[in-house]
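All remarks here apply to the structure that follows.
The values are calculated or read from the model by the stated rules, or taken from the named source; none is laboratory data. From a predicted model like this one, the values you see are computed outputs, not experimental measurements. Cβ atoms come from the backbone with ideal geometry, glycine included; neighbour counts cover every protein chain shown.
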Amino acid sequence: MASLSRIALDAHGLSLAAICAAMLAAPQAQAASKPPVFLRSCTISPPDPTPLFSAPAASKPAAASDDDDDDAGGEDDDEDDESPRGFLSPGSATCIAISGTVNAGIQYDGYNANALARATGLVPQNAVSFPLTATFRIESGQMLADGHYLATAFEFSMDTAGAEDQTLTMGEASVTMGAFVFGLAGSRFDFWAGDDFAFIGRIPSRTVGLIGYERQLTDELSLSLSAEDVAADRRTIVPTTGNRYPDAVMRLLYEQGGLTLHGGVAVRDVPGAGGSRRVGRAAILGATWEKTVLDRPLTLTAQIAGAVDAAPYLGSRLDQRTAFSVLTGDLTTRGWSGVIAIGREWTDEWSTNAYVSRYRLSIPNPSGLAGQIQIDRVAANIVWAPVDGLRLGLEGSLAWQKLDIAGNVRAASLSGRQSSAQLFVERSF
(Lines give C-alpha, C1' and ligand atoms only; values in the text may rest on other atoms or scores of the structure.)
Protein backbone atom coordinates (compact mmCIF):
# COMPACT_ATOMS: atom_id res chain seq x y z
CA MET A 1 0.00 0.00 0.00
CA ALA A 2 2.87 2.37 0.80
CA SER A 3 4.45 1.72 -2.60
CA LEU A 4 1.14 2.46 -4.33
CA SER A 5 0.86 5.80 -2.48
CA ARG A 6 4.45 6.65 -3.44
CA ILE A 7 3.73 5.82 -7.07
CA ALA A 8 0.62 8.04 -7.02
CA LEU A 9 2.56 10.95 -5.52
CA ASP A 10 5.32 10.55 -8.12
CA ALA A 11 2.73 10.54 -10.91
CA HIS A 12 1.07 13.65 -9.49
CA GLY A 13 4.44 15.44 -9.31
CA LEU A 14 5.22 14.53 -12.88
CA SER A 15 1.84 15.91 -13.99
CA LEU A 16 2.47 19.23 -12.23
CA ALA A 17 5.94 19.47 -13.79
CA ALA A 18 4.51 18.77 -17.22
CA ILE A 19 1.84 21.45 -16.78
CA CYS A 20 4.43 24.04 -15.66
CA ALA A 21 6.72 23.17 -18.56
CA ALA A 22 3.82 23.55 -20.96
CA MET A 23 2.90 26.93 -19.49
CA LEU A 24 6.46 28.16 -19.81
CA ALA A 25 6.83 26.84 -23.33
CA ALA A 26 3.54 28.33 -24.61
CA PRO A 27 4.66 32.00 -24.79
CA GLN A 28 7.93 30.93 -26.42
CA ALA A 29 6.04 28.91 -28.99
CA GLN A 30 3.72 31.84 -29.73
CA ALA A 31 6.69 34.22 -30.07
CA ALA A 32 8.38 31.77 -32.41
CA SER A 33 5.25 31.34 -34.54
CA LYS A 34 4.44 35.09 -34.71
CA PRO A 35 5.99 36.68 -37.84
CA PRO A 36 8.40 39.59 -37.32
CA VAL A 37 7.01 43.11 -37.79
CA PHE A 38 8.72 45.30 -40.41
CA LEU A 39 8.19 48.76 -41.85
CA ARG A 40 5.53 48.81 -44.54
CA SER A 41 5.46 51.03 -47.59
CA CYS A 42 2.63 53.52 -48.10
CA THR A 43 1.62 56.53 -50.17
CA ILE A 44 0.52 59.92 -48.80
CA SER A 45 -2.65 60.45 -50.78
CA PRO A 46 -5.34 62.73 -49.34
CA PRO A 47 -8.90 61.48 -49.90
CA ASP A 48 -10.90 63.07 -52.69
CA PRO A 49 -13.12 65.76 -51.14
CA THR A 50 -16.85 65.61 -51.67
CA PRO A 51 -17.92 68.52 -53.91
CA LEU A 52 -20.42 70.97 -52.49
CA PHE A 53 -22.37 70.86 -55.76
CA SER A 54 -22.02 67.38 -57.19
CA ALA A 55 -23.52 66.36 -60.51
CA PRO A 56 -25.38 63.05 -60.79
CA ALA A 57 -23.07 60.17 -61.63
CA ALA A 58 -23.23 59.05 -65.26
CA SER A 59 -24.23 55.47 -65.88
CA LYS A 60 -21.48 53.14 -67.00
CA PRO A 61 -22.00 51.20 -70.25
CA ALA A 62 -20.92 47.80 -69.03
CA ALA A 63 -18.88 46.12 -66.33
CA ALA A 64 -16.68 44.44 -68.92
CA SER A 65 -15.46 47.79 -70.22
CA ASP A 66 -14.43 48.82 -66.70
CA ASP A 67 -12.29 45.73 -66.40
CA ASP A 68 -10.68 46.43 -69.74
CA ASP A 69 -9.91 50.01 -68.73
CA ASP A 70 -8.39 48.88 -65.46
CA ASP A 71 -6.15 46.37 -67.22
CA ALA A 72 -5.07 48.85 -69.86
CA GLY A 73 -4.48 51.89 -67.67
CA GLY A 74 -3.40 50.44 -64.35
CA GLU A 75 0.31 50.61 -65.09
CA ASP A 76 0.02 54.13 -66.53
CA ASP A 77 -1.77 55.35 -63.41
CA ASP A 78 1.00 53.98 -61.23
CA GLU A 79 3.65 55.69 -63.35
CA ASP A 80 1.84 59.06 -63.36
CA ASP A 81 1.10 59.01 -59.64
CA GLU A 82 3.28 61.69 -58.01
CA SER A 83 2.01 61.13 -54.47
CA PRO A 84 4.86 61.00 -51.92
CA ARG A 85 5.85 57.44 -51.04
CA GLY A 86 6.77 56.69 -47.45
CA PHE A 87 6.55 54.07 -44.71
CA LEU A 88 4.30 52.96 -41.89
CA SER A 89 6.09 52.20 -38.63
CA PRO A 90 4.92 49.12 -36.66
CA GLY A 91 1.76 49.82 -34.69
CA SER A 92 1.18 53.19 -36.36
CA ALA A 93 -1.39 54.35 -38.92
CA THR A 94 0.64 57.43 -39.94
CA CYS A 95 2.37 57.38 -43.31
CA ILE A 96 5.69 59.27 -43.18
CA ALA A 97 7.59 60.34 -46.30
CA ILE A 98 11.11 61.78 -46.38
CA SER A 99 12.48 63.43 -49.50
CA GLY A 100 15.11 65.91 -50.53
CA THR A 101 17.05 67.49 -53.36
CA VAL A 102 20.69 68.50 -53.75
CA ASN A 103 21.67 70.85 -56.59
CA ALA A 104 25.28 71.78 -57.35
CA GLY A 105 26.85 73.54 -60.29
CA ILE A 106 29.11 76.18 -61.73
CA GLN A 107 27.65 79.59 -62.56
CA TYR A 108 28.86 82.67 -64.43
CA ASP A 109 27.31 86.11 -63.86
CA GLY A 110 28.11 89.07 -66.07
CA TYR A 111 27.02 92.70 -65.68
CA ASN A 112 26.82 95.37 -68.37
CA ALA A 113 25.92 98.78 -66.91
CA ASN A 114 26.09 102.36 -68.17
CA ALA A 115 28.49 105.01 -66.89
CA LEU A 116 25.97 106.40 -64.39
CA ALA A 117 25.53 103.01 -62.76
CA ARG A 118 29.28 102.35 -62.78
CA ALA A 119 29.87 105.68 -61.07
CA THR A 120 28.06 104.44 -57.96
CA GLY A 121 30.79 101.87 -57.37
CA LEU A 122 28.13 99.31 -56.43
CA VAL A 123 27.87 97.42 -59.73
CA PRO A 124 28.95 93.82 -59.13
CA GLN A 125 31.96 92.48 -60.99
CA ASN A 126 31.73 89.58 -63.40
CA ALA A 127 32.16 86.43 -61.35
CA VAL A 128 32.24 82.65 -61.41
CA SER A 129 30.70 80.84 -58.46
CA PHE A 130 29.94 77.30 -57.37
CA PRO A 131 26.45 77.45 -55.83
CA LEU A 132 25.10 74.57 -53.79
CA THR A 133 21.52 74.19 -52.59
CA ALA A 134 19.87 71.41 -50.64
CA THR A 135 16.27 70.81 -49.63
CA PHE A 136 15.02 68.37 -47.00
CA ARG A 137 11.32 67.60 -46.53
CA ILE A 138 9.34 65.48 -44.05
CA GLU A 139 5.59 65.00 -44.48
CA SER A 140 2.99 62.72 -42.97
CA GLY A 141 -0.64 61.84 -43.47
CA GLN A 142 -3.25 59.70 -41.74
CA MET A 143 -6.99 59.20 -41.55
CA LEU A 144 -8.34 59.84 -38.05
CA ALA A 145 -11.04 57.80 -36.40
CA ASP A 146 -13.59 60.59 -36.86
CA GLY A 147 -13.06 60.54 -40.64
CA HIS A 148 -10.90 63.68 -40.90
CA TYR A 149 -7.60 63.63 -42.76
CA LEU A 150 -4.57 64.96 -40.85
CA ALA A 151 -1.36 65.91 -42.66
CA THR A 152 1.84 67.73 -41.69
CA ALA A 153 4.74 69.05 -43.76
CA PHE A 154 8.14 70.44 -42.77
CA GLU A 155 10.68 71.62 -45.34
CA PHE A 156 14.12 73.19 -44.92
CA SER A 157 16.46 74.50 -47.57
CA MET A 158 20.11 75.52 -47.49
CA ASP A 159 21.76 77.82 -50.00
CA THR A 160 25.55 78.03 -50.07
CA ALA A 161 26.82 80.62 -52.51
CA GLY A 162 30.21 80.78 -50.84
CA ALA A 163 32.04 80.01 -47.63
CA GLU A 164 30.96 83.37 -46.21
CA ASP A 165 27.35 83.25 -47.45
CA GLN A 166 25.34 80.34 -46.09
CA THR A 167 21.64 80.52 -45.36
CA LEU A 168 19.17 78.05 -43.87
CA THR A 169 15.54 78.75 -44.69
CA MET A 170 12.32 77.09 -43.54
CA GLY A 171 10.13 76.71 -46.61
CA GLU A 172 7.13 75.07 -44.94
CA ALA A 173 5.85 74.08 -41.52
CA SER A 174 2.15 73.40 -41.94
CA VAL A 175 -0.64 71.28 -40.50
CA THR A 176 -3.73 70.30 -42.51
CA MET A 177 -6.86 69.09 -40.76
CA GLY A 178 -9.63 68.28 -43.21
CA ALA A 179 -10.38 71.48 -45.14
CA PHE A 180 -8.30 73.73 -42.85
CA VAL A 181 -4.57 74.44 -43.04
CA PHE A 182 -2.38 76.63 -40.85
CA GLY A 183 1.32 77.30 -40.36
CA LEU A 184 4.07 78.40 -42.71
CA ALA A 185 3.30 77.60 -46.36
CA GLY A 186 3.20 78.99 -49.88
CA SER A 187 0.75 81.78 -50.62
CA ARG A 188 -2.55 80.69 -52.15
CA PHE A 189 -2.27 83.73 -54.42
CA ASP A 190 0.79 82.37 -56.26
CA PHE A 191 0.52 80.32 -59.44
CA TRP A 192 3.58 79.97 -61.71
CA ALA A 193 6.64 79.22 -59.59
CA GLY A 194 9.33 78.48 -62.20
CA ASP A 195 10.24 75.16 -60.59
CA ASP A 196 11.81 73.90 -63.84
CA PHE A 197 14.53 76.57 -63.72
CA ALA A 198 17.63 76.40 -61.55
CA PHE A 199 18.05 80.19 -61.22
CA ILE A 200 14.62 80.65 -59.68
CA GLY A 201 15.01 77.48 -57.63
CA ARG A 202 18.03 78.96 -55.89
CA ILE A 203 15.92 81.79 -54.47
CA PRO A 204 13.80 80.68 -51.48
CA SER A 205 10.13 80.53 -52.37
CA ARG A 206 7.84 83.22 -51.00
CA THR A 207 6.29 81.71 -47.89
CA VAL A 208 3.63 83.22 -45.66
CA GLY A 209 2.07 82.65 -42.27
CA LEU A 210 -1.20 81.05 -43.27
CA ILE A 211 -4.63 80.18 -41.91
CA GLY A 212 -6.68 78.82 -44.78
CA TYR A 213 -9.80 76.95 -45.78
CA GLU A 214 -10.37 75.02 -49.00
CA ARG A 215 -13.61 73.62 -50.34
CA GLN A 216 -14.29 71.65 -53.50
CA LEU A 217 -17.27 73.34 -55.15
CA THR A 218 -17.60 70.94 -58.08
CA ASP A 219 -15.47 68.12 -59.45
CA GLU A 220 -13.39 70.70 -61.35
CA LEU A 221 -13.70 73.93 -59.32
CA SER A 222 -12.34 74.64 -55.83
CA LEU A 223 -12.44 77.71 -53.58
CA SER A 224 -9.71 78.79 -51.19
CA LEU A 225 -9.98 81.47 -48.49
CA SER A 226 -6.96 82.42 -46.39
CA ALA A 227 -5.48 85.00 -44.04
CA GLU A 228 -1.78 85.42 -44.85
CA ASP A 229 1.11 87.26 -43.23
CA VAL A 230 3.90 87.99 -45.73
CA ALA A 231 6.17 89.19 -42.89
CA ALA A 232 6.89 85.52 -42.16
CA ASP A 233 9.34 85.54 -45.09
CA ARG A 234 12.17 87.83 -43.98
CA ARG A 235 14.10 87.54 -47.24
CA THR A 236 11.51 88.74 -49.75
CA ILE A 237 9.29 91.30 -48.03
CA VAL A 238 8.99 95.05 -48.27
CA PRO A 239 9.82 96.51 -44.82
CA THR A 240 6.79 98.14 -43.21
CA THR A 241 6.33 100.43 -40.23
CA GLY A 242 3.83 99.73 -37.47
CA ASN A 243 1.52 96.79 -36.87
CA ARG A 244 -0.60 95.47 -39.71
CA TYR A 245 -3.42 93.02 -40.23
CA PRO A 246 -2.92 89.81 -42.23
CA ASP A 247 -3.73 89.89 -45.93
CA ALA A 248 -7.03 88.40 -47.10
CA VAL A 249 -6.71 86.13 -50.15
CA MET A 250 -9.40 84.37 -52.18
CA ARG A 251 -8.62 81.92 -54.97
CA LEU A 252 -10.66 79.95 -57.50
CA LEU A 253 -8.93 76.97 -59.14
CA TYR A 254 -10.37 75.11 -62.13
CA GLU A 255 -8.83 71.80 -63.24
CA GLN A 256 -10.21 69.78 -66.12
CA GLY A 257 -8.08 67.35 -68.09
CA GLY A 258 -4.93 69.17 -69.17
CA LEU A 259 -6.32 72.66 -68.48
CA THR A 260 -5.76 74.55 -65.22
CA LEU A 261 -7.16 78.04 -64.57
CA HIS A 262 -6.14 80.06 -61.53
CA GLY A 263 -7.78 83.31 -60.43
CA GLY A 264 -7.10 85.14 -57.19
CA VAL A 265 -7.52 88.46 -55.40
CA ALA A 266 -5.75 89.82 -52.34
CA VAL A 267 -6.48 92.72 -49.99
CA ARG A 268 -3.56 94.12 -48.00
CA ASP A 269 -3.33 96.48 -45.03
CA VAL A 270 -0.47 98.96 -45.53
CA PRO A 271 0.41 101.09 -42.48
CA GLY A 272 2.08 104.42 -43.25
CA ALA A 273 3.80 107.25 -41.47
CA GLY A 274 1.91 109.15 -38.78
CA GLY A 275 -0.57 106.32 -38.16
CA SER A 276 -2.12 106.53 -41.63
CA ARG A 277 -3.25 103.35 -43.36
CA ARG A 278 -3.89 102.35 -46.95
CA VAL A 279 -5.68 99.39 -48.48
CA GLY A 280 -3.61 97.56 -51.05
CA ARG A 281 -5.14 95.17 -53.54
CA ALA A 282 -3.90 92.69 -56.10
CA ALA A 283 -5.37 90.31 -58.67
CA ILE A 284 -3.94 87.45 -60.71
CA LEU A 285 -5.06 85.26 -63.60
CA GLY A 286 -3.06 82.25 -64.72
CA ALA A 287 -3.54 79.27 -67.01
CA THR A 288 -1.64 76.07 -67.78
CA TRP A 289 -2.38 73.83 -70.75
CA GLU A 290 -0.84 70.37 -71.00
CA LYS A 291 -1.16 68.45 -74.25
CA THR A 292 0.46 65.47 -75.91
CA VAL A 293 1.94 66.58 -79.24
CA LEU A 294 3.65 64.00 -81.45
CA ASP A 295 3.45 61.51 -78.58
CA ARG A 296 5.35 63.87 -76.25
CA PRO A 297 4.09 66.19 -73.46
CA LEU A 298 3.95 69.93 -74.15
CA THR A 299 3.13 72.46 -71.42
CA LEU A 300 2.17 76.10 -71.93
CA THR A 301 1.74 78.52 -69.03
CA ALA A 302 0.68 82.17 -68.97
CA GLN A 303 0.14 84.49 -66.04
CA ILE A 304 -0.61 88.17 -65.49
CA ALA A 305 -0.96 90.04 -62.19
CA GLY A 306 -1.67 93.62 -61.20
CA ALA A 307 -1.36 95.37 -57.84
CA VAL A 308 -1.84 98.72 -56.11
CA ASP A 309 0.13 99.13 -52.88
CA ALA A 310 0.70 95.35 -52.89
CA ALA A 311 4.14 94.87 -54.45
CA PRO A 312 4.78 91.46 -52.78
CA TYR A 313 2.16 89.94 -55.11
CA LEU A 314 3.97 90.89 -58.32
CA GLY A 315 6.73 89.18 -60.26
CA SER A 316 8.85 86.09 -59.80
CA ARG A 317 11.16 85.56 -56.85
CA LEU A 318 14.07 86.88 -58.92
CA ASP A 319 12.16 90.09 -59.67
CA GLN A 320 11.17 90.49 -56.03
CA ARG A 321 14.73 90.10 -54.80
CA THR A 322 15.83 92.96 -57.07
CA ALA A 323 12.88 95.26 -56.44
CA PHE A 324 12.57 94.79 -52.68
CA SER A 325 16.21 95.66 -52.10
CA VAL A 326 15.40 99.31 -52.95
CA LEU A 327 11.83 99.68 -51.63
CA THR A 328 10.64 100.87 -48.24
CA GLY A 329 7.28 100.32 -46.60
CA ASP A 330 6.04 103.92 -46.90
CA LEU A 331 6.18 104.07 -50.71
CA THR A 332 2.99 104.01 -52.78
CA THR A 333 3.32 101.52 -55.61
CA ARG A 334 1.37 100.50 -58.68
CA GLY A 335 2.38 97.87 -61.16
CA TRP A 336 1.87 94.65 -63.06
CA SER A 337 3.82 91.57 -64.10
CA GLY A 338 3.40 88.81 -66.64
CA VAL A 339 5.10 85.63 -67.77
CA ILE A 340 4.79 83.11 -70.61
CA ALA A 341 6.51 79.73 -70.22
CA ILE A 342 6.81 76.62 -72.38
CA GLY A 343 8.10 73.17 -71.52
CA ARG A 344 8.66 70.27 -73.87
CA GLU A 345 9.76 66.65 -73.36
CA TRP A 346 11.52 65.49 -76.52
CA THR A 347 12.42 61.98 -75.33
CA ASP A 348 12.21 60.05 -72.06
CA GLU A 349 15.53 61.63 -71.02
CA TRP A 350 15.70 65.04 -72.76
CA SER A 351 13.53 68.10 -72.12
CA THR A 352 13.70 71.88 -72.61
CA ASN A 353 12.07 74.84 -70.87
CA ALA A 354 11.89 78.56 -71.66
CA TYR A 355 10.10 81.65 -70.41
CA VAL A 356 9.88 85.40 -70.93
CA SER A 357 8.66 87.78 -68.23
CA ARG A 358 8.03 91.47 -67.71
CA TYR A 359 7.87 93.39 -64.41
CA ARG A 360 6.70 97.00 -64.13
CA LEU A 361 6.39 98.94 -60.87
CA SER A 362 5.83 102.68 -60.60
CA ILE A 363 6.33 104.67 -57.41
CA PRO A 364 4.25 107.88 -57.43
CA ASN A 365 5.62 110.74 -55.35
CA PRO A 366 3.73 113.85 -54.18
CA SER A 367 6.67 115.98 -55.36
CA GLY A 368 6.09 114.82 -58.91
CA LEU A 369 9.32 112.80 -59.17
CA ALA A 370 7.88 109.36 -59.79
CA GLY A 371 10.18 106.37 -59.60
CA GLN A 372 9.97 103.21 -61.64
CA ILE A 373 11.34 99.68 -61.75
CA GLN A 374 11.40 97.80 -65.05
CA ILE A 375 12.70 94.26 -65.44
CA ASP A 376 12.54 92.17 -68.61
CA ARG A 377 13.83 88.63 -68.41
CA VAL A 378 14.27 85.65 -70.73
CA ALA A 379 15.62 82.24 -69.73
CA ALA A 380 15.95 78.76 -71.23
CA ASN A 381 17.48 75.43 -70.29
CA ILE A 382 18.05 71.93 -71.57
CA VAL A 383 17.86 69.03 -69.13
CA TRP A 384 19.03 65.43 -69.37
CA ALA A 385 17.51 62.94 -66.93
CA PRO A 386 19.13 59.53 -67.56
CA VAL A 387 17.53 57.93 -64.47
CA ASP A 388 14.77 58.81 -62.06
CA GLY A 389 15.92 61.36 -59.52
CA LEU A 390 18.94 62.60 -61.49
CA ARG A 391 18.99 65.71 -63.69
CA LEU A 392 21.87 67.38 -65.49
CA GLY A 393 21.25 70.68 -67.21
CA LEU A 394 22.57 73.77 -68.89
CA GLU A 395 20.70 77.03 -68.34
CA GLY A 396 21.06 80.61 -69.49
CA SER A 397 19.33 83.83 -68.51
CA LEU A 398 19.30 87.48 -69.64
CA ALA A 399 17.74 90.32 -67.64
CA TRP A 400 17.39 93.99 -68.63
CA GLN A 401 16.86 96.12 -65.53
CA LYS A 402 16.07 99.81 -65.16
CA LEU A 403 15.63 101.15 -61.64
CA ASP A 404 15.05 104.89 -61.44
CA ILE A 405 14.25 106.10 -57.92
CA ALA A 406 15.22 109.65 -56.98
CA GLY A 407 18.02 109.77 -54.45
CA ASN A 408 18.49 105.99 -54.33
CA VAL A 409 22.07 105.11 -55.28
CA ARG A 410 21.43 101.41 -54.80
CA ALA A 411 18.68 101.51 -57.43
CA ALA A 412 20.98 103.17 -59.96
CA SER A 413 23.63 100.48 -59.47
CA LEU A 414 21.17 97.72 -60.40
CA SER A 415 20.31 99.22 -63.79
CA GLY A 416 21.82 97.48 -66.80
CA ARG A 417 21.94 94.04 -68.35
CA GLN A 418 22.71 90.93 -66.35
CA SER A 419 23.61 87.65 -68.04
CA SER A 420 23.95 84.33 -66.29
CA ALA A 421 24.86 80.82 -67.35
CA GLN A 422 24.94 77.70 -65.29
CA LEU A 423 25.85 74.03 -65.60
CA PHE A 424 24.16 72.04 -62.85
CA VAL A 425 23.54 68.54 -61.57
CA GLU A 426 20.57 67.74 -59.34
CA ARG A 427 19.87 64.61 -57.32
CA SER A 428 16.50 63.90 -55.71
CA PHE A 429 15.66 61.18 -53.22
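Considered as a group, the residues in segment 392-419 that are surrounded by fewer than 19 Cβ atoms within 10 Å (Cβ to Cβ) and not hydrophobic (A, V, I, L, M, F, W, C) include one that is nearest to ALA134 (Cα to Cα), and that residue is GLY396. Within segment 114-142, the set of residues being part of a strand (DSSP E or B), surrounded by 14 or more Cβ atoms within 10 Å (Cβ to Cβ), without any contact (Cβ under 8 Å) to a residue 60 or more places away in the chain and not aromatic (Phe, Trp, Tyr) comprises SER129, LEU132, ALA134, THR135, ARG137, ILE138, GLN142. A residue that is in a loop (DSSP other than H, G, I, E, B), among the small types (Gly, Ala, Ser) and surrounded by fewer than 14 Cβ atoms within 10 Å (Cβ to Cβ) cannot be found anywhere in segment 166-183. Restricting segment 83-113 to residues that are of a type in the set (A, V, I, L, M) and part of a loop (DSSP other than H, G, I, E, B) leaves a set whose member that is nearest to PHE197 (Cα to Cα) is ALA113.
Scanning segment 230-258 for residues that are surrounded by fewer than 17 Cβ atoms within 10 Å (Cβ to Cβ), at pLDDT 90 or above and closer than 22 Å to LEU331 by Cα yields a single hit, ALA248.
The residues of segment 291-317 that are crowded, with 17+ Cβ neighbours inside 10 Å and either under 15 Å from SER362 (Cα atoms) or touching a Lys or Arg at 6+ places or on another chain (Cβ under 7 Å) (or both), listed by number, are ALA305, GLY306, ALA307, VAL308, ASP309, ALA310, ALA311, PRO312, TYR313, LEU314, GLY315, ARG317. Those residues that are at pLDDT below 85 and either among the β-branched types (Val, Ile, Thr) or loosely packed, with under 10 Cβ neighbours inside 10 Å (or both), I need them from segment 42-52; list them, please. Passing the criteria: ASP48, THR50.
Among ARG344, ARG334, which is within 30 Å of GLY393 (Cα to Cα), surrounded by 14 or more Cβ atoms within 10 Å (Cβ to Cβ) and not hydrophobic (A, V, I, L, M, F, W, C)? ARG344 is the lone residue from the list that is within 30 Å of GLY393 (Cα to Cα), surrounded by 14 or more Cβ atoms within 10 Å (Cβ to Cβ) and not hydrophobic (A, V, I, L, M, F, W, C).
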